């Protein structure tokens, strides 16, 4: 899933790229409104983050242009301007949310996940289907997993990891397979990156992270999910 980040401040832009790529998105950065419009036309991102005060074209101008072509793509405004009038204008132009600077990482992640859910659920025919890993039920369109009454929030990358395991029951998946299918061929994360993601994910989805059942380690190779064997069928009683 691609996210267009239009932000003229280099430090903020680079920080947002790092945050979103850590969540599993493909970040498409733009340094001004004109570049944002050009990238919108070529990349067709799934989510758009727009700073309001940018050179060449403001975030409002970019939002207007995008809304003429696409009424449904989620748009968030990022701005140091916190006046109520700015928020009202942004929402009236068709933005889905408004984040005021300075903002924290958790706030940005939470709002991005919220608009991602809306994007994944807007087309019911293409909505990714839920699946199960043992007693864990995963809903990719909601970026959530459930076990009984417990609800577990997931990142887009964590959902991709669980999807890959579920599609390959009993198969040992090496690191290259995870990197290629979860991170993408154009990313080159180091081996510790995968281990750190798996460790954090286990702490939230495993009943006992020290003795994992869903994500099992195969030392020297990678990871696998081994479904529990089905109970033997009961034989009918002799008449």
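Derivation of every value follows stated rules applied to the coordinates shown; laboratory data play no part. This is a predicted model, so every value here is computed, not measured. Neighbour counts are summed over all protein chains in view; Cβ atoms, including those assigned to glycine, are modelled from backbone coordinates with ideal geometry.
Brief remarks follow.
- Spherically averaged projected area of the stretch 2-121 from its Cα convex hull (nm²): 6.4
- For the chain, the extents of the C-alpha atoms along the principal axes are 81, 44, 30 Å, listed from largest to smallest.
- Principal-axis tilt of helix 105-121 within the chain, Cα atoms, nearest 10 degrees: 80
- Calculated [θ] (222 nm, deg cm²/dmol) that DSSP helices of n ≥ 4 give over the chain, each run adding -39,500 (n - 2.57): -12000 deg cm²/dmol
- Relative contact order of the chain: 13 percent, from C-alpha pairs under 8 Å at least 6 residues apart in sequence.
- Among 173, 50, 76: highest mean-square fluctuation, GNM of the chain, C-alpha pairs under 10 Å: 173
- Protection-proxy order for peptides 208-217, 110-119, each taking the mean of Cβ atoms within 10 Å per residue, highest first: 110-119, 208-217
- Potential lengthening of the chain between residue 118 and residue 11 amounts to 35.7 nm, from the contour at 0.36 nm per residue minus the alpha-carbon distance.
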